[in-house]
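Participant: Structure below; questions to follow.
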Amino acid sequence: MLPLIFAVQEATRPAAPPTGISGMGLLFQVLMIGGIIYLFLIRPQQKERKNTDTMLRALKKGDEIVTVGGIIGDVIHISLQPAGENQEPTVRMDDRVTVRSGESKLVVERGRIARVTPKGA
């Protein structure tokens, strides 16, 4: 008889309000996490890539460079790759750059240059 009384009491008890996070709260949290990821990871990488691109496009004869492989040298010639038929060559990351390092001359791609020190600096 006692279990029956408990069952009746349980059935007549009002339903508890739902607990947990609502759909709008969850959406807000996801948007906040996305914003934080953008501010701390994506945006700084985009700015750094833009600065590197600008630096490499301004490369000129006489600049001192450091390649990704660690070779230090001076730029002695830049060979622009042709863009196509009846078009002028443009600055691209696969242009060939001739570098003098010590007694040797090397040819490297523009995109493989890690750092540029301007002439006279």
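Participant: Of all residues in segment 1-56, how many are at pLDDT below 80 and in a helix (DSSP H, G or I)?
Facilitator: 11
Participant: A follow-up question, please. Under 9 Å by Cβ, and 6 or more places apart or on different chains, what pairs join a residue from segment 78-94 that is under 14 Å from residue 111 (Cβ atoms) and surrounded by 13 or more Cβ atoms within 10 Å (Cβ to Cβ) with one that is at pLDDT 70 or above and polar (S, T, N, Q)?
Facilitator: Here the result reads 78/98; 80/90; 81/90; 92/81, each pair linking segment 78-94 to a residue that is at pLDDT 70 or above and polar (S, T, N, Q).
The values are calculated or read from the model by the stated rules, or taken from the named source; none is laboratory data. All of these numbers come straight from a predicted model, not from anything done at the bench. Reconstructed Cβ throughout: ideal geometry from the backbone, glycine too, with neighbour counts over all protein chains shown.
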